[in-house]
1. Going by amide H atoms built from the backbone, whose H comes under 5 Å of the H on A:ALA175, apart from near neighbours?
2. In percent, what relative contact order does chain A have, based on Cα pairs under 8 Å that are 6 or more apart in sequence?
3. When the Karplus curve 6.51 cos²θ - 1.76 cosθ + 1.60 is applied with θ = phi - 60°, which whole-Hz ³J(HN,Hα) does each residue of region A:332-348 get, with x for Gly and Pro?
4. For the protein assembly as shown, give the magnitude of the charge dipole about the Cα centre (Cβ charges: +1 Lys/Arg, -1 Asp/Glu; no others), in debye to the nearest 20.
5. List the residues, sorted by chain then number, that are 5 or more residues from A:VAL118 or on another chain and whose placed amide H is less than 5 Å from its amide H.
6. Ranking B:TYR96, A:TYR251 by Cβ neighbours within 10 Å, fewest first, what do you get?
7. Need one value for B:202-213: mean number of C-beta atoms belonging to other chains within 10 Å of its residues' C-beta atoms.
8. What are the ³J(HN,Hα) couplings of region A:352-359, residue after residue, when phi is run through the Karplus curve with 6.51, -1.76, 1.60 and θ = phi - 60°? Round to Hz, x for glycine and proline.
Amino acid sequence: MNNEPIIEFQDFSFKYHSQSEPTLHDINLKIYPGEKILIVGPSGSGKSTIGHCLNGLIPFAFKGEINGHLKVKGNETSSLNIFELSKMIGTVLQDSDGQFVGLTVGEDIAFALENDNVSNQEMHDRVQKVAHMVDMQVLLNSSPFELSGGQKQRTSLAGVMIDNVDILLFDEPLANLDPATGKTAIEIIDDIHNKSGKTVIIIEHRLEDVLHRDIDRIIVINDGRILADMNADELVSSPILRQIGVREPLYITALKYAGVKVTRDMHPGHITSIRIDNSLEALKVWHRSIKADNYMNKHSSIINMENVSFSYDGIRPVLFDISFNLIEGEMVSIIGKNGAGKSTISKLLCGFEKQDSGTIYYGGQDLQSRTIKERAEIIGVVMQNPNQMISKPMIFDEVALGLRLRQIPEDQITSRVAKVLDVCGLSPFKDWPISALSYGQKKRVTIASILVLDPRILILDEPTAGQDFRHYTEIMRFLVEINKLGVTIILITHDMHLMLEYTPRAIVLADGRKIADTLASIVLTDEQVISQANLKETSLYHLAKLAGIENGTDFVQCFIDYETGLRNP
Amino acid sequence: MNVKLKLFSYNLVDTPIHRLSGFTKLLCFLFLTFGVMFSYDIRVILGVMVFSIVILIISRIKFSQIRLMVIYVLIFLITNAVISFFFSPGQGSSIYGTQHVFGVLFGHIKLTWEQLFYQVTKFFKYASVIPLGMIFLLTTNPSEFASSLNGVGVNYKAAFAVALTLRYFPDVQMDYHDISLAQQARGLDMSSKARVFDRLKNALMIIIPLIFSSLDRIELISNAMDLRGFAKGKTRTWYTSKKLAHLDYIAILVSLLILILTVCVSVFINHSRFYNPFI
């Protein structure tokens, strides 16, 4: 390529004022017009900081010390302000909910134009045109509450494209999306890239999902440095991903389990491009070698939901005739797209809401007459965002809160809290202020503050949302430990990996109805369930097809059993 | 819960009032409010009040939506009336220049028809602003509200802040609801059984998490706004601002006429801001 780079980092480093060490060191990177780049790295690697340097949030909103050069379209960014930069680089932030500025789709798309004093008439014309490009023209008057996750993403995209920027920057576009919507989001980005020829930069740690479509180059960031700059085939066949704790695609993991050496000649970057002609036998041998695990749980039922229906407004049913049975000591996931009624089930179990009809039994007793407080001693719920639960400055006080409110003598509290902190690996931080903890540690504090009440059942709402592979693994291993102590765990999630790797059984909801209640391997390979619940077929299934293994579901189950075996030798 | 959520939020139905531009509604609101604030003539005040109640009905606002607000204002007005009576029970007589006593309170405070009339007038004067304000708030979408504030000269950043507050009100309410339930599960007693001091302390346990989770939200939205050029210029335009239609001119004209009428009544008929039935 002989043309000028559109973005050029030269010996660039950055240190936040609030931190003692630089977050980025010696970044040298050239990006050329029309390229499609993925920046991957674990949490805290500095990948988001690179994004903030590009779009001007550094130094506009986050102050710090910059060394070296960063040029965008030949202009030194230090000579530009955030508004000038925003005319060249459009940013789509994660969480399309939170960044919805307008009250309607049209208004949100027009936001940048409003700030540019564009006349009302021209504004409406341009909004129409851009809305057409992202296929939102009929929804211009809808409010954000009426939109699906994918539609919100399209709106955000239109909102930055309206400025006719040359570079589109996506900061963790998949973070809050369910699998099917995430897949669509990647397709939208790819289509826009192909149609408009704009330079696209995606910052994301969900590698396999981004690789659903082609990527020109992948930049790997770790500890503030560029570790690799290569294409998908090279990266996936290298050991880098495992070293830095970014999840490799599942089909690659499966191939490695089968003893196949993944090389770049196999084109392993995408499930659609990979050639496994020489590994078929290895896969089949591996598949046959795995003994089915025995999931028969001999315990008795702990929760029994019978024909439960519920509606918030008395008109639109949110849950309809739901029945299921939870066995003591199991770990189960409840999945389904947003608004399917997953969280409502947890609210009914905790008594936050009362079902309109049907019965919930706990160990054979009807829960109807129990108050929220009484139920909390049996069923604990951990909310998704730890900030929504933490109300004390010190860890000990936060964990002790539930006991103090129950007027338990202080000496008993001290020993119970100490025990729970120990289980949660928080003992070394006992006297720390909560503000000094990382997100994952805060999550543990909230789990500890529920566990201290000694519930038999723990419900967690998206326990791993927004976590990279390392933290995800950390949180999930911790939950497995707790599960081994005999606590029944219900995970409300749309993370397919979580379901695949940790919960043998999944209950699937769609539009308030239970559409499946079976093995995770069956859920993730059943076309009808996948489409109704906004899931995505796992790449393991594709791999099985490629390898000519007839029973793909069984192959996925073998993968799960093998992994469980690795965790519990 | 859902009824509560709609308390202060804009209700979307299609009525002639909703179709008016936000600018028109703000202007009419100001004209009419100024009218009733200027005049102490109970005939004029009741006239405007009946007029605004008719508009309230036309815009299909349900009483359940404004009940809480009405109760608050009534409590305020009644306290205000009682206090101002005890501070100056002779105010009415000094305004109207006569004294018709019909009773005595605590042996020395004279109850006069003048005072009663004055206070009733004042009560309705303030009460008549409620329907006007409610119509404006509940029929104007927050963005349009911001654009109309900006239209009458309020700084656009301040105007936008108001719109954002209204826009996020339901979200924060929902957060409050969720946090409150989660804390109750940990044993927080929010019922009236708890003592007042405990209840205050308990409220903190909901408010602190609410503040922290709202701060997350604020950082996100302010970054999103910066990245799309908010506050770069001295002025901005508004996607929702509507061109004034016939109906708008009629509405402005009608409310302007009412304002002129109230002023005229004072100047030419009453020869003062007060209507005096005692002479």
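1. A:ASP95
2. Details: 1043 pairs, mean separation 75.1, N = 569.
For chain A, the relative contact order is 13 percent.
3. Here the 3J(HN,Hα) series is 10, 10, 10, 10, x, 6, 4, x, 7, x, 4, 5, 4, 4, 5, 5, 5 Hz.
4. On the way: 82 positive and 87 negative charges, 556 e Å.
Using only the charged Cβ atoms, the result is roughly 2680 debye.
5. Under 5 Å from the amide H of A:VAL118 lie the amide H atoms of B:THR237, each far enough along the sequence or on another chain.
6. On the way: B:TYR96 21, A:TYR251 26.
Listed from fewest to most nearby Cβ atoms, that is B:TYR96, A:TYR251.
7. Details: counts 2, 0, 2, 5, 1, 1, 5, 8, 3, 2, 8, 7.
Whole-number average of other-chain Cβ neighbours for B:202-213 is 4.
8. The phi angles translate into 5, 10, 10, 5, 6, 8, x, 9 Hz.
No lab work stands behind these numbers, since they all come straight from the coordinates. Remember, predicted model here, so these are calculated numbers, not experimental data. Here Cβ is always computed from backbone atoms with ideal geometry, including for glycine, and neighbour counts include all displayed protein chains.
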